[in-house]
1. Provide a single number: the residues in region 173-188 that are surrounded by 13 or more Cβ atoms within 10 Å (Cβ to Cβ) and assigned to a helix (DSSP H, G or I).
2. Which ones in region 107-129 are among the hydrophobic types (A, V, I, L, M, F, W, C) and more than 34 Å from the chain's Cα centre (by Cα)?
3. Please list, ordered by first then second residue, the pairs with beta carbon atoms under 6 Å, 6 or more apart or interchain, first in region 160-177 and more than 23 Å from Arg85 (Cα to Cα), second at pLDDT 90 or above and in a helix (DSSP H, G or I).
4. Which number in (1) loosely packed, with under 12 Cβ neighbours inside 10 Å; (2) touching an Asp or Glu at 6+ places or on another chain (Cβ under 8 Å) marks the one condition that Arg208 misses?
5. Identify, from the list Arg85, Arg79, the residue that is among the basic types (Lys, Arg), surrounded by 14 or more Cβ atoms within 10 Å (Cβ to Cβ) and within 26 Å of the chain's Cα centre (by Cα).
6. Which residue pairs have Cβ atoms closer than 6 Å, lie 6 or more positions apart in sequence or on different chains, and pair a first residue in region 199-214 that is assigned by TED's automatic domain parsing to the domain that holds Leu121 with a second residue that is loosely packed, with under 12 Cβ neighbours inside 10 Å?
7. Being surrounded by 14 or more Cβ atoms within 10 Å (Cβ to Cβ) and either modelled with pLDDT under 95 or touching a Gly at 6+ places or on another chain (Cβ under 7 Å) (or both) narrows it down to one of Thr145, Thr136, so name that one.
8. Determine, yes or no, whether Arg247 is over 27 Å from Lys104 (Cα atoms), exposed (fewer than 14 other Cβ atoms within 10 Å of the Cβ) and at pLDDT 95 or above.
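The values are calculated or read from the model by the stated rules, or taken from the named source; none is laboratory data. Model, not experiment: these values are computed from the prediction. Neighbour counts run over all protein chains shown; Cβ positions are idealised from the backbone, glycine included.
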Amino acid sequence: MEKVEDRLFSANLLALAGIAMLMMLGISTIFQKRRALTMTEATEKRSHLSRFGRWVAELLLVFVGVYAAFWLNNYQQHRQDAQRRDQILASLEQEFLKGIESGKIIGAKQERQAAEFRRALDAGEMPPLHPFVFTTDYSPGDIATLLQSGGVELLAVKTLMALRELESVIRWGLSDMQRYEKLSDALIVPNLDQDISFFYDPATKKLRKRFEMYPQALEATVKFAHDLERTKTELVKQIQTERQRNR
């Protein structure tokens, strides 16, 4: 971008120089056509043309100066925007890379818990149910705040689309987690002192219908973790691509 602006600036200066040369040639032609004039008339003409030439030169200098100032201001603004863009992208890249690593650890733990409960359930062991609680620092509002603070104007369209995709995954995932938490608070928490037969049919050793949401909730946390890791990984790749392109 900067090279393009440099070329445009040089081209405009060459154009201005060309205009100045044409005007000076025109003045020279007028001198040649007026050779037959008297000495006094020729002197007066040269005086007028000299003043006109100086006026044209001053006008060109003013125009070139104004244009150069305008171009320099745009160039500086472009540099500031580029620095701001890279700061935002670097911050996002670092944040999401950390999130991916911590998410892998948490996701692996959730996956083990869900798999162990499913194994015990399928084996007829009637594993105990616990209150479903999902804690996270994810918030779709964080991305919205970033975009409102100037990111929309600075970031590439593909990066914005990847951010929107992550925002959507977080929003829908948190919605599911909140729904399971409400079911747990309504069905499991008030009955923790009940016998295991309250939750299971002793004859089949299967969960009673109203408690079938419990293993679904555990598996939903695993899916949410995988979706987050996938979208964050894709977003980091896009961020790295944009940063590389802007260098």
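1. Step one: of region 173-188, the residues surrounded by 13 or more Cβ atoms within 10 Å (Cβ to Cβ) are 173-174, 176-177, 179-181, 183-185, 187-188.
Add one more test, that the residue is assigned to a helix (DSSP H, G or I), and what stays is 173-174, 176-177, 179-181, 183-185, 187.
So the answer is 11.
2. Initially, region 107-129 is screened for residues among the hydrophobic types (A, V, I, L, M, F, W, C), giving 108, 114-115, 117, 120-121, 123, 126, 129.
Ala114, Ala115, Phe117, Ala120, Leu121, Ala123, Met126, Leu129 - these are the residues of region 107-129 that are among the hydrophobic types (A, V, I, L, M, F, W, C) and more than 34 Å from the chain's Cα centre (by Cα).
3. From region 160-177, the pairs are Val169/Asp227; Val169/Thr231; Gly173/Phe224; Asp176/Ala220.
4. All conditions pass for Arg208, except number (1).
5. Details: Arg79 fails: surrounded by 14 or more Cβ atoms within 10 Å (Cβ to Cβ).
Answer to the selection: Arg85.
6. Filtered contacts from region 199-214: Lys205/Gly124.
7. Details: Thr145 fails: surrounded by 14 or more Cβ atoms within 10 Å (Cβ to Cβ).
Criteria check complete, one pass: Thr136.
8. Taking the combined requirement at face value, the residue does not satisfy it.
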